[in-house]
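Inspection log for the structure reproduced underneath, given as structure tokens.
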Amino acid sequence: MKLTLHPAIWVAGTIIFSSFALRQLWLNTCISSTELQRSLDPDSVPVFIPSTIPDSTPSLTENAAPEEIGVSFDPVSEGTKAALRVSNRTNHPVRVALRSPSQASEPVHWDFAPQEGSLNGLILSLPETDLTLEPGDILVVFAQDGSRQYWGPYIVGETNSPAWNSQGEEWLLVVKP
């Protein structure tokens with residue numbers, strides 16, 4: 001027995017295929033005309049303004065002057081462990097990375113939006129425990145927006161930043177442009 005398709009199936013298939021093809025053509029035309037209109041509109045053209053790249057590497061002390069934020073850099077006795085408060089006063093999204101040579105744990109990092117915590121700072125913590133910073137820990141901050149800016153490395157208790165806040169019993173890292 002010979003198997004043939006009924007003419008109604010051929011007609012239905014042709015109609016479905018044609019409607020699909022016409023719909024695709026219509027969508028492509030609409031998208032193309034919308035893109036053309038946007039490209040002709042000067043207000044909708046994105047403007048790329050590159051960030052300035054510093055001529056030299058920032059020094060270890062120029063980014064966070066404790067005197068400006070009301071915290072003095074007190075001498076810290078060996079073994080002082082405390083929380084870390086971070087303030088991002090830049091217009092860059094930044095990542096704060098911590099490596100603790102005294103502990104066998106992996107390095108950790110936190111991401112900050114531009115100006116996040118710029119007034120009072122934010123106390124950092126780990127997923128399962130509180131963060132305890134101790135002398136010898138290494139902090140590096142770098143921009144996440146492609147500007148290639150970075151701050152640090154800071155060695156806790158050895159560089160001026162992070163500063164020890166004796167009133168709050170915490171370390172304070174202020175990231176400034």
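Structural remarks
- Residues in the stretch 120-140 that are among the hydrophobic types (A, V, I, L, M, F, W, C) and at pLDDT 90 or above: 122, 123, 124, 138, 139, 140.
- Residues that are without any contact (Cβ under 8 Å) to a residue 40 or more places away in the chain and in contact with a strand residue (DSSP E or B) (Cβ under 9 Å, 6 or more places away or on another chain) were ranked within the stretch 128-149; the one that is nearest to residue 91 (Cα to Cα) is 137.
- Within the stretch 153-164, tally of residues that are in contact with a Gly (Cβ under 9 Å, 6 or more places away or on another chain) and assigned to a strand (DSSP E or B): 2
The rows are residues; the columns are (1) in contact (Cβ under 8 Å) with a residue 40 or more places away in the chain; (2) under 22 Å from residue 80 (Cα atoms); (3) within 16 Å of the chain's Cα centre (by Cα).
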| residue | (1), (2), (3) |
| --- | --- |
| 118 | no, no, yes |
| 123 | yes, yes, no |
| 157 | yes, yes, no |
| 176 | yes, no, yes |
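- Residue identified as at pLDDT below 95 and either outside the structural domain of residue 157 (by TED's automatic domain parsing) or in contact with a His (Cβ under 8 Å, 6 or more places away or on another chain) (or both) among 144, 103: 144
The values are calculated or read from the model by the stated rules, or taken from the named source; none is laboratory data. The shown structure was predicted, so the numbers you read here are calculated from the model rather than taken from an experiment. So basically every Cβ, Gly included, is an ideal-geometry build from the backbone, and we count neighbours across all protein chains shown.
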